[in-house]
Structures are given as C-alpha cells and as structure tokens.
Amino acid sequence: MSELHKFIFEGLPVRGMLVRLTDSWQDVLRRRAKAADTFPEPVRHLMGEMAAAGTLMQANIKFNGALILQIFGDGPVKLAVAEVQPDLAFRTTAKVIGEVPATARLEAMLNIHGKGRCAITLDPKDKLPGRQAYQGVVPLHGDHREPLQRLSDVLEHYMLQSEQLDTKLILAADDQVAAGLLIQRLPVEGAGNLGGRRNEDEIGLNEAYNRIAHLAATLTREELLALDVDTVLRRLFWEEPLLRFEPLVGATGPRFACTCSRERVGRMLRSLGRDEIDGIVVEQGRVEIACDFCGTQYHFDAVDVGELFTPAKNQPPSSSGVH
C-alpha cells in the first residue's frame, strides 16, 4: 500500500519525509496500458519520480489547493506533469512527440537545446475573484549553465532559489514503485525580511543539516525502490535522534485519483464552439475524448452535442454517460 512517512530530528533544525507509491503507481501504469497508450520506459520513470516529488512537496507545505509540477521543453517529451491535491490524491501524464532513447535522461528528453523549464504551480481551492495561482519557474540547468540530468537536482535548485532552504531530494521509480526521500533544513524563526535574510545566510552552513543530507545522499536508487521504510531510515539515520510520526496510508495517504468528469469534458467541448463540434460528429459519427491522466473514454453523439449547446432549462432528461 502507498505510504507517506514524516519525521524530524529532535533538537536539530531538520525535517524529513519518505514516500512510497506502490499500488497507486501501478494503477496509473495499468490504466495507460489498458488504453493502449504506454509511454517509453524513461518517460514512465520520470512520471513516477514527479508523482513522488509532487506528493512530498504538497505534504511539506500543507497547501489548500492543487500543487502542479510541470516540466516542458524542446526534446521528444513536450510535457510531463504531476498534480497532487491537498488530500494527497495524485495523477500524472506526459506528452511525447518523438522517439525517446532507452537510456535518455532529463536533458535528452526535455532540454536538448537548453530551453527546458520546470514550473511549480499552487492553485488555491477557494480562489477569490481575480486571484491568480502562484507559479515559480526555473530552467533545467544549474548556476553555471550546466544541464541538470535528474529531476531531484532541478527541484533542489528550485527550493534553494524560491525558499532559500537547503533541500536534499532522492527520487527513483520503476514500473512497480515510485519513491522519494526529502530532507530539509527548517526555516529560521523570524518575521518578514529578517527571517528571510537569516534563512539565506544559513544556506549551506548548518552542520546538522549538512551531516544528515550527506547521509541521505548515500541512499542508492536500488535501495530506495527495494527496501521498506523502516529499513531505509534505520540504515541511514541509526545514530541520529529521529522522531517519526504516524504514517499516512490508505484514505489519508497518497493514492491515485483523477478529477476528470463528463461535465468538465462537456465544458471543454462547449468552449470549442458548436460548428467545430458538429463538424466532428458529421465526419466521425460522434466525439470521442480520452482523459490524458486516467484513460477514461467520454463519448458524445449528435444528441449529446445538441444537449451541450442547449440551455439547461430546455433540455430533456439525459441518460448519457461514460463508455
């Protein structure tokens, strides 16, 4: 079962989280396979790492809205996205427009000409009129313009730039497990600019964080994927004052869930206009839309389309559904 574990190091300004997506991640891949729309292996593993990273980031900030992690660029992968809700329900997908080599890393997938970007969007649930979602964007290269080859490197760079907080992130995914370990220096107490300045001054200098981050960095991809949480934490931090909290599993833990619906698809079709939708029905007999995230198929025939563009008060009862 998928699980999220939070912990702190008693008396030290360091916190951590470890996530393992198992059944929920396998569900994502199974749905893609059922829709005969599987991704190349490097893309699947990138999506898994993004789902794990998005879950860690959402749980870390406790934001009342969707956290959307996107990577887009100029390689054979046009876009990869993971969306995590406040209750840790997640979904993920990608758009592939070219051939992806079996050994492709981040640069070869999304950043061939240096134009790749990573965006993190926080979209509030109860948005006031006129209020925009917050978005931060960073390039897929380091301070010296060197291409970053791992998602974890990109997100560590993002956290340093946007939050002035040291962060160590270990990510890994295969077709069975998507997992991540996050270690972060706690922000210094303080208000306003003073707190921000002190956080900035502490970057890279806190001995406790540096020691624990170094221990975390010894965790291999194979260990993160194969070992249970108790074993990982015991191996890494057996000499540290670790305090663990009740794990989040099942209904309170990370799990796959899609927010698509027939109503949302209908609104999207209405936005395209009656003429265009009628043209598709004439040509193909009906409109067929598959959700990019979960593969659910939505079908709209001529009667359904007529209802879409008829005011609700004039509509007869509908029996249309998902097919």
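The values are calculated or read from the model by the stated rules, or taken from the named source; none is laboratory data. Just so you know, these numbers come straight off a predicted model, no measurement behind them. Positions of Cβ are generated from backbone atoms using ideal geometry, with glycine treated the same way; all protein chains shown enter the neighbour counts. All accessible areas refer to the heavy atoms of the entire protein, side chains included, with ligands and DNA or RNA removed. Shrake-Rupley method; radii C 1.70, N 1.55, O 1.52, S 1.80 Å.
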Self-check item: Qualifying residues in segment 131-166 (those that are among the small types (Gly, Ala, Ser) and within 14 Å of Met57 (Cα to Cα)) - the one surrounded by the fewest Cβ atoms within 10 Å (Cβ to Cβ)
Solution: Ser162
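Please verify whether Asp87 is touching a residue at least 60 places away in the same chain (Cβ under 8 Å), part of a helix (DSSP H, G or I), open to solvent by 10 Å² or more (accessible area, probe 1.4 Å) and more than 20 Å from Ala119 (Cα to Cα), treating the condition exactly as stated. It would help to see each step written out before you state the result.
Numbers: touching a residue at least 60 places away in the same chain (Cβ under 8 Å): yes; part of a helix (DSSP H, G or I): no; open to solvent by 10 Å² or more (accessible area, probe 1.4 Å): yes; more than 20 Å from Ala119 (Cα to Cα): yes.
So Asp87 fails the test.
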Exercise. Looking only at segment 60-74, decide whether some residue is open to solvent by 20 Å² or more (accessible area, probe 1.4 Å), touching a residue at least 12 places away in the same chain (Cβ under 8 Å) and on the phi > 0 side of the Ramachandran plot.
Key: yes
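Tell me yes or no: at least one residue of segment 120-130 is at pLDDT 90 or above, farther than 20 Å from Leu224 by Cα, open to solvent by less than 20 Å² (accessible area, probe 1.4 Å) and not polar (S, T, N, Q). Walk me through it before giving the result.
To start, the set of residues in segment 120-130 that are at pLDDT 90 or above comprises 120-122.
Okay, now just the ones that are also farther than 20 Å from Leu224 by Cα, so 120-122.
Of the ones still in play, those that are also open to solvent by less than 20 Å² (accessible area, probe 1.4 Å) are 120-121.
Within this subset, residues satisfying the condition of being not polar (S, T, N, Q) are 120.
Yes - at least one qualifying residue is present in segment 120-130.
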Self-check item: Residue check, Thr93 in contact with an Asp or Glu (Cβ under 7 Å, 6 or more places away or on another chain) and either surrounded by fewer than 23 Cβ atoms within 10 Å (Cβ to Cβ) or in a helix (DSSP H, G or I) (or both)
Solution: yes
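Name the residue that is most open to solvent (accessible area, probe 1.4 Å), counting only residues in segment 228-245 that are among the acidic types (Asp, Glu) and over 23 Å from the mean Cα position of the chain (by Cα). Walk me through how you get there before you give the answer.
Step one: of segment 228-245, the residues among the acidic types (Asp, Glu) are 228, 230, 239-240.
Of the ones still in play, those that are also over 23 Å from the mean Cα position of the chain (by Cα) are 230, 239-240.
Working: Asp230: 78, Glu239: 139, Glu240: 30 Å².
Among them, the one singled out is Glu239.
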Quiz prompt | Search result, residues across segment 25-58 that are open to solvent by 10 Å² or more (accessible area, probe 1.4 Å), of a type outside the set (Val, Ile, Thr) and farther than 19 Å from Leu224 by Cα | solution = Asp27, Leu29, Arg30, Arg31, Arg32, Ala33, Lys34, Ala35, Ala36, Asp37, Phe39, Pro40
Quiz item: Listed residues Leu248, Leu194, Leu225, Leu186; which is at pLDDT 95 or above and either open to solvent by less than 50 Å² (accessible area, probe 1.4 Å) or not charged (D, E, K, R) (or both)?
Solution: Leu225
